[in-house]
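Before any comments, here is the structure.
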Amino acid sequence: MFLKNSTPAETIALTTPAEPVKPGAVYPVIEFERVTVRYGKDAGATQALAESSFHIDKGDFIALVGPSGCGKSTILKLVGGLIQASDGHVFVARREVGAADVRIGMAFQNPTLLPWLNIRDNVMLPLKIARPFRDEWRSKRKGEYRDRADALLESVGLRDFGEKYPWQLSGGMQQRASLCRALIHDPTLLLLDEPFGALDQFTREELWATLQALWMERRPTVLLVTHDLRESAFLANRIMVMSARPGRILMDERVDFARPRTLETTYQPEFTSLTQSLRNLIVAARGGMAGHP
């Protein structure tokens, strides 16, 4: 099962381990301990991920960048429990994947909205599937849950579009609705697999601001896979750069630009210097090939 091609019903209800913690505590939401991934067996096996160890703290916004095929989506699949590590251990919310439940939101390059549901019902879908919300679906779907969906839609500029169907919205509007769907059940962890990759530059930049505002308000832990280095520097508070396959973490750097960041931020010398250094590192990682990563 691949993240980019998964359907909402397959992904929204994904669960990974959870453990109670003290309110306000900062703890690693994701931990990799000497994790490797191989596809296939014996001589025909392909190593997708070299031995990797890292952690992502509660409330972090991590951008994962690197050459195509370096294992970025493999890491997302490991965290989401869609595949298992060949070696090592993956912990989410301090328990090994599969041990208990924690809410995960996901958004992909394609919005994967269900065409037979209107936008509001698409946004509410996780509440129908994910625990504990599904236990009260019948009693709250026309009241509290509807209000929750409408408030999220209003926050991303879709207040008047709840009754519309996906085919009646532009690509950018559909992606806004997809972000609302990923956040409506207050996930501990938000996994984003190139969510703006299919959009034009102007729409992408608008949605950067939308996602930044949603993160600043709700503070989920976010793991974003992207090929867009400006996007990574605009959104993340940490950028992790991966090598060519078999992937491993080459650099893990904090991004300390003040928030809220604006498009003007992207023209500051410090910002352009960061994106250029990222590009140089990725070009070197893929063997000095010319062109954008």
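Just one of (1) touching a residue at least 40 places away in the same chain (Cβ under 8 Å); (2) open to solvent by 30 Å² or more (accessible area, probe 1.4 Å) trips up Ile56, so point out which. Of (1) touching a residue at least 40 places away in the same chain (Cβ under 8 Å); (2) open to solvent by 30 Å² or more (accessible area, probe 1.4 Å), only one is false for Ile56: (2).
The residues of the range 251-290 that are within 20 Å of the chain's Cα centre (by Cα), surrounded by 14 or more Cβ atoms within 10 Å (Cβ to Cβ) and more than 22 Å from Arg204 (Cα to Cα), listed by number, are Met251, Glu253.
Of all residues in the range 127-144, those satisfying the criterion of being at pLDDT below 95 and surrounded by 18 or more Cβ atoms within 10 Å (Cβ to Cβ) are Ala130, Phe133.
Under the condition of being under 14 Å from the mean Cα position of the chain (by Cα) and either farther than 21 Å from Met124 by Cβ or not in a strand (DSSP E or B) (or both), the residues counted in the range 187-201 number 7. The number of residues in the range 211-229 being closer than 21 Å to Ile75 by Cα and touching an Asp or Glu at 6+ places or on another chain (Cβ under 9 Å) comes to 9.
Scanning the range 59-84 for residues that are assigned to a helix (DSSP H, G or I) and in contact (Cβ under 8 Å) with a residue 60 or more places away in the chain yields Lys72, Ser73, Thr74, Ile75, Leu76, Lys77, Val79, Gly80. Residues of the range 162-198 that are open to solvent by 60 Å² or more (accessible area, probe 1.4 Å) and touching a residue at least 40 places away in the same chain (Cβ under 8 Å): Glu163, Lys164, Tyr165, Trp167, Asp186, Ala198.
Having 2 or more residues that are modelled with pLDDT under 95 is the bar; report the strands (runs of 3 or more DSSP E) wholly within the range 205-293 that clear it. In the range 205-293, 249-254 are the strands (runs of 3 or more DSSP E) which contain 2 or more residues that are modelled with pLDDT under 95.
Is it true that Ala209 is open to solvent by less than 10 Å² (accessible area, probe 1.4 Å) and farther than 15 Å from Leu64 by Cα? Considered against the rule, which asks whether it is open to solvent by less than 10 Å² (accessible area, probe 1.4 Å) and farther than 15 Å from Leu64 by Cα, Ala209 comes out as no.
What's the total number of residues in the range 37-46 that are open to solvent by less than 70 Å² (accessible area, probe 1.4 Å) and part of a strand (DSSP E or B)?
Total satisfying the criteria: 2.
The values are calculated or read from the model by the stated rules, or taken from the named source; none is laboratory data. What you see is a predicted model; the values in this text were computed from it and never measured. Quick reminder, even Gly has a Cβ in these numbers, built from the backbone with ideal geometry, and neighbours come from all protein chains shown. These accessible areas exclude ligands, DNA and RNA; they are computed on the full protein's heavy atoms, side chains included. Shrake-Rupley method; radii C 1.70, N 1.55, O 1.52, S 1.80 Å.
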